[in-house]
1. Looking only at residues that are touching a residue at least 12 places away in the same chain (Cβ under 8 Å) and surrounded by 10 or more Cβ atoms within 10 Å (Cβ to Cβ) in segment 164-186, which one is farthest from residue 147 (Cα to Cα)?
2. Testing residue 116 on (1) closer than 30 Å to residue 71 by Cβ; (2) at pLDDT below 95; (3) touching a strand residue (DSSP E or B) at 6+ places or on another chain (Cβ under 7 Å), one condition comes back false. Which one is that?
3. So which of 98, 70 ends up being crowded, with 16+ Cβ neighbours inside 10 Å and at pLDDT 90 or above?
4. Quick check on segment 105-126. Is at least one of its residues assigned to a strand (DSSP E or B) and surrounded by fewer than 14 Cβ atoms within 10 Å (Cβ to Cβ)?
């Protein structure tokens, strides 16, 4: 990464501010950026061993154009394996990774990923929505007080009777959320 270095009197160097007649030299810093978006865009780069292999190809395979925002948010979402995140959590992670993105862009990207089957959307408490990076059939424990979801294999839950859907509709999937709380002391 290349960072400008100011070799002159002490001035506050705000972004976009540069005193006139001042020499600025360039220094190459060996440290890798926190978010390797450039490496994800470079199709000739060696694979890094990311769990999802290559975000760019994954997005193309599902028909999404690999924009800078989608690549970065996809990298943040899928590099850590199966997990459950809210838009606010992902937005925070993006800001910490020095990828400034609006919360609206995060919401839009999460919904786009959900529409093409990369994520599952889970509404908990009607007001809190989580996105699951494991889109396979499974259910969840919701740990009340911790606001945390834990996967339950689909074979561990049996749903005996499913009502007949109205005419013109079919059951897309069944989500079972089992709410847990610490045992109360007696």
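The values are calculated or read from the model by the stated rules, or taken from the named source; none is laboratory data. Nothing here was measured: the structure is a model prediction, and the numbers come from that model. Neighbour counts are summed over all protein chains in view; Cβ atoms, including those assigned to glycine, are modelled from backbone coordinates with ideal geometry.
1. If we filter segment 164-186 for residues that are touching a residue at least 12 places away in the same chain (Cβ under 8 Å), which is where we start, we get 173-182.
Subset that is surrounded by 10 or more Cβ atoms within 10 Å (Cβ to Cβ): 174-181.
Details: 174: 21, 175: 17, 176: 16, 177: 12, 178: 13, 179: 10, 180: 10, 181: 11 Å.
Among those that are touching a residue at least 12 places away in the same chain (Cβ under 8 Å) and surrounded by 10 or more Cβ atoms within 10 Å (Cβ to Cβ), it is 174.
2. With (1) closer than 30 Å to residue 71 by Cβ; (2) at pLDDT below 95; (3) touching a strand residue (DSSP E or B) at 6+ places or on another chain (Cβ under 7 Å) applied to residue 116, the lone miss is (3).
3. Values: 98 fails: crowded, with 16+ Cβ neighbours inside 10 Å.
Answer to the selection: 70.
4. Quick first cut of segment 105-126, residues assigned to a strand (DSSP E or B) only: 120-124.
Now drop any that are not surrounded by fewer than 14 Cβ atoms within 10 Å (Cβ to Cβ), which leaves 123.
Yes, because at least one residue in segment 105-126 is assigned to a strand (DSSP E or B) and surrounded by fewer than 14 Cβ atoms within 10 Å (Cβ to Cβ).
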